[in-house]
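Visitor: My questions all concern the structure below.
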Amino acid sequence: IQGGVGAVPALSNHHLSNGPHWNPGINQHQHHLHTTRSLDRALEDSVCSGTLNLSGRKLRDYPGLSYDLTDTTQADLSKNRLTEIPPEVCLFAPLESLNLYHNCIKCIPEAIINLQVLTYLNISRNLLSTLPKYLFNLPLKVLVVSNNKLLSVPEEIGKAKELMELDISCNEIQVLPPQVGRLRSLRELNIRRNCLHMLPEELADLPLIRLDFSCNKITEIPPVYRRLRQLQHIILDNNPMQSPPAQICLKGKVHIFKYLNIQACRMDKKPDSLDLPSLGKRCLPQPLTDRYTLLYHIRILFINWVVRALNANWLTTNNNTGMTKHVFLLDFCRSQPIRFLYVGVAFCRSSRQESSDPSFTMRRKMEHLREEMEQIGVLRQNLESRLKVLLPDDVGAALMDGVVLCHLANHIRPRSVASIHVPSPAVPKLSMAKCRRNVENFLDACKKLGVSQDKLCLPHHILEERGLVKVGMTVQALLELPASKPTQLSAV
């Protein structure tokens, strides 16, 4: 026998017949006893700890029948050979986490509804062909069913209101149901390596942070996906993309969202797509008890006046663009609703005094609005080009907390604003006190950097979104400041 420690020379058959024979069955039996003892020890530990770990033991049947494991909160049965979810596990009432990764399970039993506190379920790399409807009655927060044989997702998935992470990658799913848009808590969605041809528009209303739809057959990202403001990671490689084009997709998320915004603007500015009466159909059931409710109704009255003006041919066509001015007015109404309300109040007041020539009044108001919109567009362009960010449609709301403006000041001259209050995942919206502190710090930095007093906006112009034109003047003056001379140390 050679190759082992202390190799022994080969012996004759006569010597072998008198010596002890090597029996592989003995070692197998000892290994089985060792495995049994370690399995018993694991089950005994589970009784005390409440955590059942039977991963990687090649089990075909559940071995814990003689143990009281009803107080188990976490169970890991991954990497075994189970053909079904053990019925005994479905009786663990306090179970919060269940890992069944890499087994041979073909279906999920109805008894799983007994696990009324189950928040984590990993049943990936199995043989599932369908997901049962009753599964989504559980309070799941994480559901991983990747690497199965799923052909579809049931509509009942919309009931999983607490679901935060959904992984259905590496299946054969062809269509996502629109009910996915009801998952208001969903943060991560992985649908890679399926057979999807299109993405449901309902996903645009979700607070997604990560979206992976790579390795599918998708050709277009819906323009409404520009509303995914919280999205940080979008993975779309290995798709025959046409809109946005592949060269834009390769540049990353910022360029993709700019393309979607441009597409949305083109769609919104088509005269055929305007639905004037539909803007006046919305109504608020609550009484006129606050300023914003009152302004909302003034807005509706103002829009109705525009409709009547259109019917009476009071509005003319712009000779330069060939587009009726009401298109611009309604575009302003949609993109800057708060400013539109204040303009509506001013218009209603002035129209009482100038009712003799409504067409002249309307033209003058619209020209004023057009000038303001152009200045706001310059403000957006200045901020986005300098900070390399993509601002939302409502610029005023994006600047209200002062964070973007403080970053701009620090971009012009580092450490101009020493401390900036920023939102966090736990507190996504700053208090008004912190917003005001940011705004005041920004204005102080502008003074120190050399912006003249006549070009400085006031805090309420930013905090109340009522002076974006003035804010634009301040930002423009800040950007036009001469570059600071390098210090002697930096020159060296």
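Condition check ((1) surrounded by 15 or more Cβ atoms within 10 Å (Cβ to Cβ); (2) without any contact (Cβ under 8 Å) to a residue 40 or more places away in the chain) across all residues:
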| site | (1), (2) |
| --- | --- |
| 433 | no, yes |
| 436 | yes, yes |
| 441 | yes, yes |
| 449 | yes, no |
| 453 | no, yes |
| 456 | yes, yes |
| 462 | yes, no |
| 466 | yes, no |
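Visitor: Next question. How do the pairs read when you match residues in the stretch 126-149 that are more than 21 Å from residue 215 (Cβ to Cβ) and outside the structural domain of residue 194 (by the TED database) with residues anywhere that are open to solvent by 30 Å² or more (accessible area, probe 1.4 Å) and assigned to a loop (DSSP other than H, G, I, E, B), using Cβ under 8 Å and keeping only pairs 6 or more apart or on different chains?
Guide: none
Visitor: Another question, if that's okay. Considering the stretch 185-227 alone, what residues qualify as being out of contact with any helix residue (DSSP H, G or I) (no Cβ under 8 Å at 6 or more places or on another chain), of a type outside the set (A, V, I, L, M, F, W, C) and open to solvent by 70 Å² or more (accessible area, probe 1.4 Å)?
Guide: Across the stretch 185-227, the qualifying residues are 187, 188, 193, 197, 210, 217, 220.
Visitor: Further question: Looking only at residues that are touching a helix residue (DSSP H, G or I) at 6+ places or on another chain (Cβ under 8 Å), part of a loop (DSSP other than H, G, I, E, B) and among the polar types (S, T, N, Q) in the stretch 69-114, which one is least open to solvent (accessible area, probe 1.4 Å)?
Guide: Within the stretch 69-114, the match that is least open to solvent (accessible area, probe 1.4 Å) is 72.
Visitor: Read through the list (1) among the hydroxyl-bearing types (Ser, Thr, Tyr); (2) surrounded by 19 or more Cβ atoms within 10 Å (Cβ to Cβ); (3) farther than 21 Å from residue 125 by Cβ, then give the number of the only condition that residue 146 fails.
Guide: (3)
Visitor: Can you tell me which condition residue 121 does not meet? The list is (1) part of a loop (DSSP other than H, G, I, E, B); (2) within 22 Å of residue 77 (Cβ to Cβ), and all the others hold.
Guide: The one condition residue 121 does not meet is (1).
Visitor: Scan the stretch 5-27 and give yes if some residue there is on the phi > 0 side of the Ramachandran plot and at pLDDT 90 or above, otherwise no.
Guide: no
Visitor: Search the stretch 190-202 for residues that are free of Cβ contacts under 8 Å to residues at least 40 places away in the same chain and pair each with any residue that is open to solvent by 100 Å² or more (accessible area, probe 1.4 Å) when their beta-carbon atoms are under 6 Å apart and the residues are at least 6 apart or on different chains.
Guide: 195/174; 197/217
Visitor: From 379, 405, which residue is outside the structural domain of residue 259 (by the TED database), closer than 18 Å to residue 423 by Cα and either touching a residue at least 24 places away in the same chain (Cβ under 8 Å) or of a type in the set (Phe, Trp, Tyr) (or both)?
Guide: Every option except 405 fails the conditions.
Visitor: Could you tell me how many of the residues in the stretch 395-431 are open to solvent by 60 Å² or more (accessible area, probe 1.4 Å) and either under 27 Å from residue 185 (Cα atoms) or not hydrophobic (A, V, I, L, M, F, W, C) (or both)?
Guide: Number satisfying all stated conditions: 12.
Visitor: From 402, 450, 396, grab the single residue that is closer than 23 Å to residue 231 by Cα and touching a Leu at 6+ places or on another chain (Cβ under 6 Å).
Guide: Just a single option satisfies the conditions, and that option is 396.
Visitor: Here is a further query. In the stretch 48-68, which residues are farther than 15 Å from residue 103 by Cβ and assigned to a loop (DSSP other than H, G, I, E, B)?
Guide: Correct list: 50, 64, 65, 66, 67, 68.
Visitor: Can you tell me which condition residue 245 does not meet? The list is (1) surrounded by 14 or more Cβ atoms within 10 Å (Cβ to Cβ); (2) without any contact (Cβ under 8 Å) to a residue 40 or more places away in the chain, and all the others hold.
Guide: Condition not satisfied by residue 245: (1).
Visitor: I've got another one for you. Just checking: which of the helices (runs of 4 or more DSSP H) contained wholly in the stretch 376-492 hold 1 or more residues that are at pLDDT 85 or above and charged (D, E, K, R)?
Guide: Ranges flagged: 432-449, 468-479.
Visitor: For the stretch 147-184: of the residues being out of contact with any helix residue (DSSP H, G or I) (no Cβ under 9 Å at 6 or more places or on another chain) and of a type in the set (Gly, Ala, Ser), which is nearest to residue 106 (Cα to Cα)?
Guide: Looking at the filtered set, the residue picked out is 152.
The values are calculated or read from the model by the stated rules, or taken from the named source; none is laboratory data. These numbers were taken from a predicted model, which means no experiment stands behind them. Quick reminder, even Gly has a Cβ in these numbers, built from the backbone with ideal geometry, and neighbours come from all protein chains shown. We work out accessible area using only protein heavy atoms, side chains counted, and drop any ligands, DNA or RNA first. Shrake-Rupley method; radii C 1.70, N 1.55, O 1.52, S 1.80 Å.
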